[in-house]
Amino acid sequence: MAHGIEIRAAHFPGRAPIEAYGKGGFRFADMSHRGSILCLPSGIYGWDATEGSALTAALFDKVMAEAQDIEFLLVGTGMEIRPLPADLRAALRAAQVSSDPMSTGAAVRTYNVMLAESRAVAAALIAV
């Protein structure tokens, strides 16, 4: 049996408000994460999206897997607001998920309010 460091994908198993963002990451649940995150009903996950990269449907596979528990998806697209690609919007709409792209700061603030209201919200937040 080999012993060593076990590398696991970043995951916080619960819902938590975002306490702070910036400097390339986020703080939540008294922890910090460097890079982008997905805030889903099943928890908060590290996300491979970066500012300026294409927002492909594949990046949203985890969102689609939990779509039955999500009414609103807030997409923090970085410092600037970017529209979501038509195929991604169509896939979300087909899954009955309303999507709204906005700057990451606006998405964090909106997510925290909707989470406090116990709404069926998720967020895809690109680190700034």
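Enter the angle in degrees (range 0 to 90, nearest 10) between the Cα long axis of helix 104-116 and the first principal axis of the Cα atoms of the chain, meaning the one along which they spread out most.
The helix 104-116 is inclined about 90 degrees to the chain.
Between [x] 0.93; [y] 0.98; [z] 1.02, which entry matches Rg/Rh (Cα atoms, Kirkwood Rh) as derived from the coordinates of this structure?
[y]
Given contacts defined as C-alpha pairs under 8 Å and at least six residues apart, what's the relative contact order of the chain, whole-number percent?
Values: 254 pairs, mean separation 37.3, N = 128.
Relative contact order for the chain comes out at 29 percent.
Less than 15 Å from a label point 7 Å out along the Cα-to-Cβ axis of Glu80: which backbone N atoms in the stretch 97-114 qualify, by residue?
Under cut-off, by backbone N: 102-104.
Along the Cα→Cβ direction, 7 angstrom out, place labels at Ser32 and Met102. What is the inter-label distance in nm?
With each label point 7 Å from Cα toward Cβ, the separation is 2.6 nm.
Bear in mind that the values in this text are calculations on the coordinates, not laboratory data. These numbers come from a predicted model, not from an experiment. Heads up, the Cβs are rebuilt from the backbone with ideal geometry, glycines too, and the neighbour counts pull from every protein chain shown.
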